[in-house]
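The values are calculated or read from the model by the stated rules, or taken from the named source; none is laboratory data. These numbers come from a predicted model, not from an experiment. For neighbour counting, all protein chains shown are included, and Cβ atoms are generated from backbone atoms with ideal geometry for every residue, glycine included.
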Amino acid sequence: MKAITPIVAVVALSGIAALPGCGVGKAQSASDDERRAAMPVPVAVTYPVRADIYATYHTTTTITSDADAPVLARVPGEVVEVLVEEGDRVEQGQILARLDGERLRLEMLAAKANLEQARKEFERYRDLAGRGLVSEAMFEGLRYDVDGLQATYELAKLNFDYSAIRATIGGVVASREIKLGQNIDANSVAFRITDTSELVAYMQIPQAELAKFSAGHRASLQVDSMPDARFDATIARISPTIDVRNGTFRATAVMNNANGYLVPGMFARFTIAYEKHADALLIPAGALVAEDDATVVYVVAGGEVARRIIEAGITSAGQVEVLNGLAEDEEIVVVGHSGLRDGSKVLASNMATERVAG
């Protein structure tokens, strides 16, 4: 029994020594948490700016041209000359191709000869009618004959002129439908011409949006072939009627395309600016935090942040209009606000070297 006593004592002492050790470990852990809580969080900040902002509507459609016309052969014949190719720019009335017009030329000459013969006979009978040697009815009959032959000659002349196929509008040759040596019929499509200097787009917009739009509103568009470019457009017309098939109305946008970058048939994404708020207080959309059904920003002052509930207005192009809850001279966190709380310590760095004022 005496041999057991030292072992028990050692165990007991060891247990007693272990108790302070547990307390020291907990105190050390609490100290680390406090240090982490007191450590400033690096954030990026910026100031609100004053600028105009537009409420926008987004839609997609295909670009087309209002000035797009087929060029028809007015008379039948064999194609003997092609003067233009696809992509060539032409003026209205310019000759694009020629048909074999020899038969038409001879018909015109025959009609002209008949007309000249009738005119000479009419002039001879004019003198006789003046002396009362021929009846008035006969003289008037000759007058009608001359008028008829004049019309026949003009028609033959016109048909001969139609052997030269001419551009009906100015623009670019979009397609050539005829070939050299081909025999074509009257009213066959020979070419198609498109004027691409001004393009249009027809947008079908839900009727619930009708009150927002009017002619003159600005718009911009992007196309897949030039994803980094934006092109200007203007709403030229608003249809006053609703399409009962789909419940939409038609808005027509017009684009100046003098540089030729846009092409009919391109699929485009349109942004229509329908409501302007001038000199609005704007902040980056990335500064907003959704918390407890409220729109929140974190305002930096004195090395810490304050949670601020704001009222947001229009959002456009990555900017948000602030209606209430923020002053123009207050810095807000735009990067690093994840995990921030009211009163959190921060180490702020400005996104811009100087403040931008609208």
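In region 170-228, how many are within 14 Å of Val254 (Cβ to Cβ) and part of a loop (DSSP other than H, G, I, E, B)?
Selection size over region 170-228: 6.
Every residue, every condition in (1) assigned by TED's automatic domain parsing to the domain that holds Pro284; (2) modelled with pLDDT of 90 or more; (3) not charged (D, E, K, R), yes or no:
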residue	(1), (2), (3)
Glu304	yes, yes, no
Ala312	yes, yes, yes
Ala317	yes, no, yes
Glu321	yes, yes, no
Leu326	yes, yes, yes
Val333	yes, yes, yes
His337	yes, no, yes
Asp342	yes, no, no
Val356	no, no, yes
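Could you tell me which numbered condition Tyr162 fails, if it satisfies all but one of (1) modelled with pLDDT under 90; (2) aromatic (Phe, Trp, Tyr); (3) under 30 Å from Thr196 (Cα atoms)?
Unmet condition: (1).
Would you point out the residue of region 281-334, among those that are within 11 Å of Val49 (Cα to Cα) and among the hydrophobic types (A, V, I, L, M, F, W, C), that is farthest from the chain's Cα centre (by Cα)?
So, considering only residues that are within 11 Å of Val49 (Cα to Cα) and among the hydrophobic types (A, V, I, L, M, F, W, C), the one farthest from the chain's Cα centre (by Cα) is Ala327.
What number of residues in region 187-213 are over 19 Å from Arg237 (Cβ atoms), small (Gly, Ala, Ser) and modelled with pLDDT of 95 or more?
Final tally of qualifying residues: 2.
Which one of the conditions (1) under 30 Å from Glu177 (Cα atoms); (2) touching a helix residue (DSSP H, G or I) at 6+ places or on another chain (Cβ under 6 Å); (3) modelled with pLDDT under 95 does Asp66 fail to meet, given that it meets all the rest?
(2)
Taking Asn159 as the residue in question, decide whether it is surrounded by 16 or more Cβ atoms within 10 Å (Cβ to Cβ), of a type outside the set (A, V, I, L, M, F, W, C) and over 30 Å from Pro240 (Cα atoms).
yes
Taking Glu81 as the residue in question, decide whether it is modelled with pLDDT of 95 or more and farther than 30 Å from Gly181 by Cβ.
no
Could you check region 210-248 and list, in sequence order, the residues that are within 26 Å of Gly265 (Cβ to Cβ), more than 10 Å from the chain's Cα centre (by Cα) and not hydrophobic (A, V, I, L, M, F, W, C)?
Hits for region 210-248 are His217, Arg218, Asp224, Ser225, Pro227, Asp228, Arg237, Ser239, Asp243, Arg245, Asn246, Thr248.
For Val333, which of the numbered conditions (1) surrounded by 13 or more Cβ atoms within 10 Å (Cβ to Cβ); (2) on the phi > 0 side of the Ramachandran plot fails to hold?
It fails just one condition, (2).
Does Ala278 qualify as being closer than 27 Å to Ala51 by Cα, aliphatic (A, V, I, L, M) and surrounded by 11 or more Cβ atoms within 10 Å (Cβ to Cβ)?
No; evaluated as a whole, the condition is false for this residue.
With the requirement that a residue be in a strand (DSSP E or B), farther than 27 Å from Asn257 by Cα and charged (D, E, K, R), what does region 41-95 give you?
Answer for region 41-95, where residues must be in a strand (DSSP E or B), farther than 27 Å from Asn257 by Cα and charged (D, E, K, R): Arg50, Glu78, Glu81.
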